[in-house]
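Colleague: Take this structure, written in structure tokens, and hold onto it; I'll ask about it next.
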Amino acid sequence: MFVKLLHIVDGQLRVPLGVCLHWARAFREWYQRPNTRKARGLKLLREWLTPEQLAQYDTHGYFDVTGCHSGKRYRIRHGTATNVYELDYAGHATNGWCFVPGDNLVAGDVMLAQKIALETDERAALAVAKSFLRSDNWGER
């Protein structure tokens, strides 16, 4: 009798357990997949970087750009704010600039917008940027 009852219960539990297992696996796959917005933003940024900038970004987590009007060099570090640094002739950060697009964008999209702004309309970018003071070792790695 007990064995028969176990077979009945086992048969009734298989379906709900199978469904739970299916949903648990689906949740795990969803949770572990890379953030597609972040991945697309970084992919687009990488497509726009020069080979030198890409190598610099892969090695250090930043890349340098040259302003179109002044010829000054700027370092753009990975991030979405307070990540642009003006460089002196020796490549040391002298001043920080904070300017970001108005939308809620991922880091790759923000860095690409900053790169394009400095390389195509440096004056307009700096006109809306907020400067911030240098602290030890920022902009350098």
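Colleague: At 7 Å along the Cα-to-beta-carbon direction for both Arg46 and Phe27, put a label point, then send me their distance in nm to one decimal.
Modeller: My value for the distance between the label points is 3.2 nm.
Colleague: While we're here: What is the spin-label model distance, in nm, from Asp103 to Ala39 if the labels are put 7 Å beyond Cα along the C-beta direction?
Modeller: Result for the modelled spin labels: 2.0 nm.
Colleague: Pairs Lys43/Lys130; Lys43/Lys115; Lys38/Lys115; Lys38/Lys72: which are spaced more than 21 Å apart, C-alpha to C-alpha? Don't jump to the answer; show the numbers that get you there.
Modeller: Working: Lys43/Lys130 28 Å; Lys43/Lys115 15 Å; Lys38/Lys115 17 Å; Lys38/Lys72 29 Å.
In this structure, Lys43/Lys130; Lys38/Lys72 lie more than 21 Å apart at Cα.
Colleague: Going by the alpha-carbon gyration tensor, a ≥ b ≥ c the square roots of its eigenvalues, is segment 58-138 rounded (a/c under 1.5) or, if a/c is not under 1.5, prolate (a/b greater than b/c) versus oblate?
Modeller: Working: a/c = 1.38, a/b = 1.14, b/c = 1.20.
The shape class here is rounded.
Colleague: If you don't mind, another one. Peptides 50-63, 116-129: what's the order by average Cβ count within 10 Å, highest mean first? Don't skip to the end; give the middle numbers.
Modeller: Numbers: 50-63: 14.1, 116-129: 15.9.
Per-residue Cβ counts within 10 Å, averaged per peptide and sorted highest first, yield 116-129, 50-63.
Colleague: What distance in nm separates the simple spin-label points at His92 and Ala55, each placed 7 Å from Cα in the Cβ direction?
Modeller: 2.6 nm
Each reported figure results from applying straightforward, stated rules to the coordinates on display, with no laboratory input. Here the structure is a predicted model, which is why all the values come from computation and not from measurement. Using ideal geometry, Cβ is built from the backbone for each residue, glycine included, and neighbour counts are taken over all protein chains shown.
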